[in-house]
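The values are calculated or read from the model by the stated rules, or taken from the named source; none is laboratory data. Fair warning: this is a prediction, and the values are worked out from it, not measured in the lab. Quick reminder, even Gly has a Cβ in these numbers, built from the backbone with ideal geometry, and neighbours come from all protein chains shown.
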Amino acid sequence: MSPFLSWAVILLITATSVGILLARDWRWLIIFLSAQYVGVFILTLQHWTLGMATVKVIAGWMGAAILGMTRTNMDEEEITDSLPQGRSFRLVAAGVVGLIAASGAARVDAILADAGLAVAAGGLLLIAMGALHLGVTDQPMRVTVGLMTVLAGFEVLYSAVETSVLVAALLAVINLGLTLAGSYLMIAANAREAEST
(Lines give C-alpha, C1' and ligand atoms only; values in the text may rest on other atoms or scores of the structure.)
Protein backbone atom coordinates (compact mmCIF):
# COMPACT_ATOMS: atom_id res chain seq x y z
CA MET A 1 0.00 0.00 0.00
CA SER A 2 1.31 3.42 -0.88
CA PRO A 3 2.16 5.78 1.99
CA PHE A 4 -0.43 8.29 0.77
CA LEU A 5 -3.23 5.70 0.82
CA SER A 6 -2.22 4.33 4.20
CA TRP A 7 -2.28 7.77 5.81
CA ALA A 8 -5.54 8.59 4.04
CA VAL A 9 -7.02 5.49 5.71
CA ILE A 10 -5.67 6.64 9.08
CA LEU A 11 -7.34 10.02 8.52
CA LEU A 12 -10.60 8.25 7.59
CA ILE A 13 -10.47 6.15 10.75
CA THR A 14 -9.66 9.22 12.84
CA ALA A 15 -12.53 11.20 11.33
CA THR A 16 -15.06 8.39 11.75
CA SER A 17 -14.05 7.52 15.31
CA VAL A 18 -14.19 11.18 16.37
CA GLY A 19 -17.50 11.49 14.51
CA ILE A 20 -18.87 8.52 16.45
CA LEU A 21 -17.76 10.19 19.67
CA LEU A 22 -19.37 13.54 18.81
CA ALA A 23 -22.52 12.43 16.96
CA ARG A 24 -25.77 13.29 18.69
CA ASP A 25 -28.13 11.82 16.11
CA TRP A 26 -28.22 8.05 15.84
CA ARG A 27 -28.34 8.23 12.02
CA TRP A 28 -24.94 9.91 11.91
CA LEU A 29 -23.66 7.32 14.35
CA ILE A 30 -24.60 4.53 11.93
CA ILE A 31 -23.09 6.40 8.95
CA PHE A 32 -19.79 6.94 10.79
CA LEU A 33 -19.71 3.30 11.89
CA SER A 34 -20.26 2.11 8.32
CA ALA A 35 -17.53 4.40 6.99
CA GLN A 36 -15.21 3.20 9.74
CA TYR A 37 -15.53 -0.36 8.49
CA VAL A 38 -14.32 0.78 5.06
CA GLY A 39 -11.08 1.87 6.73
CA VAL A 40 -10.91 -1.44 8.62
CA PHE A 41 -11.36 -3.26 5.31
CA ILE A 42 -8.47 -1.38 3.69
CA LEU A 43 -6.16 -1.96 6.65
CA THR A 44 -6.93 -5.68 6.88
CA LEU A 45 -6.49 -5.97 3.12
CA GLN A 46 -2.76 -5.44 3.64
CA HIS A 47 -2.41 -8.87 5.27
CA TRP A 48 -5.54 -10.80 4.31
CA THR A 49 -6.89 -11.80 0.94
CA LEU A 50 -9.67 -9.80 -0.68
CA GLY A 51 -12.32 -12.37 0.29
CA MET A 52 -11.32 -12.45 3.95
CA ALA A 53 -11.15 -8.65 4.20
CA THR A 54 -14.53 -8.40 2.50
CA VAL A 55 -16.02 -10.56 5.26
CA LYS A 56 -14.87 -7.91 7.73
CA VAL A 57 -16.62 -5.03 5.97
CA ILE A 58 -19.78 -7.01 5.29
CA ALA A 59 -20.05 -8.10 8.94
CA GLY A 60 -19.57 -4.50 10.05
CA TRP A 61 -22.16 -3.18 7.64
CA MET A 62 -24.62 -5.89 8.68
CA GLY A 63 -24.07 -4.93 12.31
CA ALA A 64 -24.65 -1.26 11.50
CA ALA A 65 -27.83 -2.20 9.61
CA ILE A 66 -29.10 -4.26 12.55
CA LEU A 67 -28.50 -1.37 14.95
CA GLY A 68 -30.13 1.09 12.55
CA MET A 69 -33.22 -1.07 12.02
CA THR A 70 -33.59 -1.59 15.76
CA ARG A 71 -33.30 2.13 16.47
CA THR A 72 -35.76 2.98 13.68
CA ASN A 73 -38.51 1.05 15.46
CA MET A 74 -38.10 3.03 18.67
CA ASP A 75 -39.45 6.39 19.79
CA GLU A 76 -37.88 9.41 18.13
CA GLU A 77 -37.18 11.26 21.36
CA GLU A 78 -33.44 11.20 21.98
CA ILE A 79 -32.26 9.57 25.15
CA THR A 80 -30.07 11.88 27.22
CA ASP A 81 -26.43 10.92 27.25
CA SER A 82 -24.43 10.39 30.40
CA LEU A 83 -21.92 12.91 31.70
CA PRO A 84 -19.61 14.38 30.52
CA GLN A 85 -21.70 15.92 27.74
CA GLY A 86 -19.50 18.68 26.34
CA ARG A 87 -18.22 18.35 22.82
CA SER A 88 -15.11 20.29 23.75
CA PHE A 89 -14.30 17.73 26.45
CA ARG A 90 -14.78 14.90 23.99
CA LEU A 91 -12.58 16.61 21.38
CA VAL A 92 -9.78 17.15 23.91
CA ALA A 93 -10.09 13.56 25.12
CA ALA A 94 -10.00 12.31 21.52
CA GLY A 95 -6.87 14.39 20.91
CA VAL A 96 -5.15 12.90 23.96
CA VAL A 97 -6.15 9.38 22.93
CA GLY A 98 -4.90 10.05 19.39
CA LEU A 99 -1.52 11.20 20.73
CA ILE A 100 -1.23 8.11 22.90
CA ALA A 101 -2.08 5.83 19.96
CA ALA A 102 0.39 7.64 17.69
CA SER A 103 3.18 7.38 20.24
CA GLY A 104 2.65 3.66 20.73
CA ALA A 105 2.26 2.72 17.09
CA ALA A 106 5.97 2.23 16.36
CA ARG A 107 6.45 -0.05 19.36
CA VAL A 108 3.38 -2.14 18.48
CA ASP A 109 4.62 -2.33 14.88
CA ALA A 110 7.92 -3.77 16.12
CA ILE A 111 6.14 -6.26 18.40
CA LEU A 112 3.93 -7.47 15.54
CA ALA A 113 7.00 -8.23 13.39
CA ASP A 114 6.72 -5.16 11.18
CA ALA A 115 3.04 -5.42 10.38
CA GLY A 116 3.11 -1.90 9.04
CA LEU A 117 2.98 1.42 10.81
CA ALA A 118 -0.42 2.23 9.32
CA VAL A 119 -1.89 -1.06 10.56
CA ALA A 120 -0.46 -0.56 14.05
CA ALA A 121 -1.57 3.07 14.24
CA GLY A 122 -5.05 2.29 12.88
CA GLY A 123 -5.58 -0.64 15.23
CA LEU A 124 -4.39 1.25 18.29
CA LEU A 125 -6.46 4.29 17.36
CA LEU A 126 -9.63 2.21 17.00
CA ILE A 127 -9.07 0.39 20.29
CA ALA A 128 -8.32 3.60 22.17
CA MET A 129 -11.20 5.59 20.67
CA GLY A 130 -13.61 2.72 21.31
CA ALA A 131 -12.48 2.55 24.95
CA LEU A 132 -12.93 6.31 25.25
CA HIS A 133 -16.41 6.02 23.80
CA LEU A 134 -17.25 3.32 26.32
CA GLY A 135 -16.07 5.61 29.11
CA VAL A 136 -18.38 8.52 28.29
CA THR A 137 -21.71 6.85 27.59
CA ASP A 138 -24.18 4.37 29.03
CA GLN A 139 -26.72 4.11 26.20
CA PRO A 140 -27.01 0.54 24.84
CA MET A 141 -26.60 1.63 21.20
CA ARG A 142 -23.53 3.77 21.89
CA VAL A 143 -21.98 1.09 24.11
CA THR A 144 -22.46 -1.44 21.32
CA VAL A 145 -20.83 0.91 18.80
CA GLY A 146 -17.95 1.47 21.22
CA LEU A 147 -17.45 -2.27 21.63
CA MET A 148 -17.60 -2.74 17.86
CA THR A 149 -14.91 -0.08 17.48
CA VAL A 150 -12.65 -1.79 20.03
CA LEU A 151 -13.22 -5.13 18.31
CA ALA A 152 -12.48 -3.60 14.90
CA GLY A 153 -9.15 -2.29 16.21
CA PHE A 154 -8.30 -5.72 17.59
CA GLU A 155 -9.19 -7.29 14.24
CA VAL A 156 -6.90 -4.87 12.40
CA LEU A 157 -3.99 -5.75 14.67
CA TYR A 158 -4.79 -9.46 14.64
CA SER A 159 -4.93 -9.56 10.86
CA ALA A 160 -1.18 -8.98 10.81
CA VAL A 161 -0.61 -12.01 13.05
CA GLU A 162 -3.13 -14.60 11.83
CA THR A 163 -4.33 -15.23 8.29
CA SER A 164 -6.71 -18.11 8.99
CA VAL A 165 -10.09 -18.20 7.28
CA LEU A 166 -11.62 -19.78 10.38
CA VAL A 167 -10.40 -16.89 12.56
CA ALA A 168 -11.89 -14.36 10.14
CA ALA A 169 -15.23 -16.18 10.24
CA LEU A 170 -15.13 -16.45 14.03
CA LEU A 171 -14.44 -12.71 14.40
CA ALA A 172 -17.33 -11.94 12.04
CA VAL A 173 -19.65 -14.15 14.14
CA ILE A 174 -18.47 -12.40 17.32
CA ASN A 175 -19.14 -9.03 15.70
CA LEU A 176 -22.67 -10.01 14.67
CA GLY A 177 -23.36 -11.60 18.05
CA LEU A 178 -22.27 -8.40 19.78
CA THR A 179 -24.58 -6.41 17.53
CA LEU A 180 -27.54 -8.69 18.24
CA ALA A 181 -26.90 -8.46 21.99
CA GLY A 182 -26.75 -4.68 21.75
CA SER A 183 -29.96 -4.65 19.73
CA TYR A 184 -31.69 -6.75 22.37
CA LEU A 185 -30.48 -4.39 25.12
CA MET A 186 -31.78 -1.40 23.16
CA ILE A 187 -35.22 -3.01 22.88
CA ALA A 188 -35.22 -3.97 26.57
CA ALA A 189 -34.23 -0.43 27.66
CA ASN A 190 -36.92 1.07 25.43
CA ALA A 191 -39.58 -1.30 26.87
CA ARG A 192 -38.51 -0.42 30.41
CA GLU A 193 -38.81 3.30 29.66
CA ALA A 194 -42.25 2.77 28.09
CA GLU A 195 -43.44 0.94 31.22
CA SER A 196 -42.17 3.67 33.54
CA THR A 197 -44.01 6.45 31.66
- [ ] Evaluate segment 129-150: report whether one residue or more is more than 23 Å from A23 (Cα to Cα), in a helix (DSSP H, G or I) and touching a Ser or Thr at 6+ places or on another chain (Cβ under 9 Å).
- [x] no
TODO: List the number of the failed condition for W26; all other conditions in (1) surrounded by 18 or more Cβ atoms within 10 Å (Cβ to Cβ); (2) more than 15 Å from V150 (Cβ to Cβ); (3) of a type outside the set (A, V, I, L, M); (4) under 11 Å from the mean Cα position of the chain (by Cα) hold.
DONE: (4)
Open item on the list: Out of everything in segment 151-173 that is among the β-branched types (V, I, T) and not in a helix (DSSP H, G or I), what residue ends up being nearest to A65 (Cα to Cα)?
Closed with: T163
TODO: Could you tell me whether segment 37-49 includes any residue that is surrounded by 15 or more Cβ atoms within 10 Å (Cβ to Cβ), small (G, A, S) and without any contact (Cβ under 8 Å) to a residue 24 or more places away in the chain?
DONE: no
Open item on the list: Suppose we filter segment 145-159 for residues that are of a type in the set (S, T, N, Q) and either farther than 21 Å from A106 by Cα or at pLDDT 95 or above (or both); how many remain?
Closed with: 1
Task: In segment 70-104, residue modelled with the lowest pLDDT [restricted to those that are outside any helix (DSSP H, G or I) and among the aliphatic types (A, V, I, L, M)] - done: L83
Task: Only listed residue being assigned to a helix (DSSP H, G or I), aliphatic (A, V, I, L, M) and crowded, with 20+ Cβ neighbours inside 10 Å, chosen from L11, L67 - done: L67
